[in-house]
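All of the numbers you see were taken from the coordinates with simple rules; none came from a lab. All values derive from a computational prediction rather than experimental measurement. Note that each Cβ is placed from the backbone with ideal geometry, even for glycine, and that neighbours are counted across all protein chains shown.
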Amino acid sequence: MEGSANLNVMIKAARMAGRSLVKDFREVENLQVSMKGAGDFVSKADIAAEKIIRDILMEARPNYGWLAEEGGEAEGKDPTRRWIVDPLDGTTNFLHGLPHWAISIALEHKGEIVAGVIYDAAKDEMFMAEKGEGAWLNQSRLRVSARGRMIESLFATGLPFGGRADLPETLQDLARILPGCAGIRRLGAAALDMAYVAAGRYDGFWERGLHPWDLAAGIVIVREAGGFVEPINPQGSALADGEIVASNEAIFEKFSGLVRNS
Ligand code: IPD
């Protein structure tokens, strides 16, 4: 795809950070067996990747604002635009040597996500989209699935871990959705869950308790692939609330209705 200057700089930042993370990922296996474990090493890898991304994006667009998992928030001279970055989505997978993690970079303009890149560096899959320009996986155009029957549909979600308060809600979701579908996956990287909906690998995805950087890039990628994305609370905001439901158009009404229990 012929991307804009902004998209190209996002792709470059994702690739450079990906190179650094792939190198660190190879180290993780050795560290697993050490006394100290891989935790410290992974958080250093995460911070290093964010620095690579920030340096590249801020050099290209010094006036834009910044919101990222590790480095917090900074308003830019241009208050209408900001980068929203997760240098390593799927940190737990990375830490356990599971090759399912990604770099997620979004550009927000006046509160709307206008460009997004999700890069699965371990598999060299670059998911990307710009508003009005379609969504792409490497050189191929992306399209959400056409599946219209819930019973044939495969979904993804996240399961709250470590004592999170939203566990009961999620278990109720599962009880409502599982009996009438083809399966629910929990692969542990929300950005990739969204990218996979755009690619038609999943028919839908929902999750609560997320952060804006987990979701931002996926929103434009799913929409540009022809999918629907909404906050779980129809009056809310997906980014601000960290709650999302996304799917192909054919099942959206039924699927979002089940998620919302409406
Ligand atoms: C996590 C992943 C996971 C989701 C968690 C997120 P992180 O992001 O996206 O799939 O269930 O809620 O926090 O911490 O690996 O960037």
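A few notes on this one:
- Cβ pairs under 8 Å, 6+ apart, first in the range 218-229 and over 14 Å from ILE84 (Cα atoms), second crowded, with 24+ Cβ neighbours inside 10 Å and of a type in the set (Ser, Thr, Tyr): GLY227/SER247; PHE228/SER247
- Qualifying residues in the range 145-196 (those that are closer than 21 Å to GLU125 by Cβ and in a loop (DSSP other than H, G, I, E, B)) - the one farthest from the ligand (Cβ to nearest atom): SER145
- From the list ALA121, ALA156, the lone residue that is crowded, with 18+ Cβ neighbours inside 10 Å, within 24 Å of LEU107 (Cβ to Cβ) and in contact with a strand residue (DSSP E or B) (Cβ under 8 Å, 6 or more places away or on another chain) is ALA121.
- Considered as a group, the residues in the range 61-109 that are of a type in the set (Ser, Thr, Tyr) and crowded, with 22+ Cβ neighbours inside 10 Å include one that is farthest from the ligand (Cβ to nearest atom), and that residue is TYR64.
- Any hit, the range 130-152, residues being closer than 20 Å to ARG208 by Cα and under 17 Å from the mean Cα position of the chain (by Cα): no
- Pairs where the first residue, in the range 104-132, is at positive phi and the second is acidic (Asp, Glu), C-beta under 9 Å, 6+ apart: GLY132/GLU224
- Total residues in the range 202-223 satisfying the condition of being under 12 Å from LEU137 (Cα atoms) and either within 13 Å of the ligand (Cβ to nearest atom) or surrounded by fewer than 24 Cβ atoms within 10 Å (Cβ to Cβ) (or both): the figure is 0.
- The set of residues from the range 38-61 being in contact with a helix residue (DSSP H, G or I) (Cβ under 7 Å, 6 or more places away or on another chain) and of a type in the set (Val, Ile, Thr) comprises VAL42, ILE52, ILE53, ILE56.
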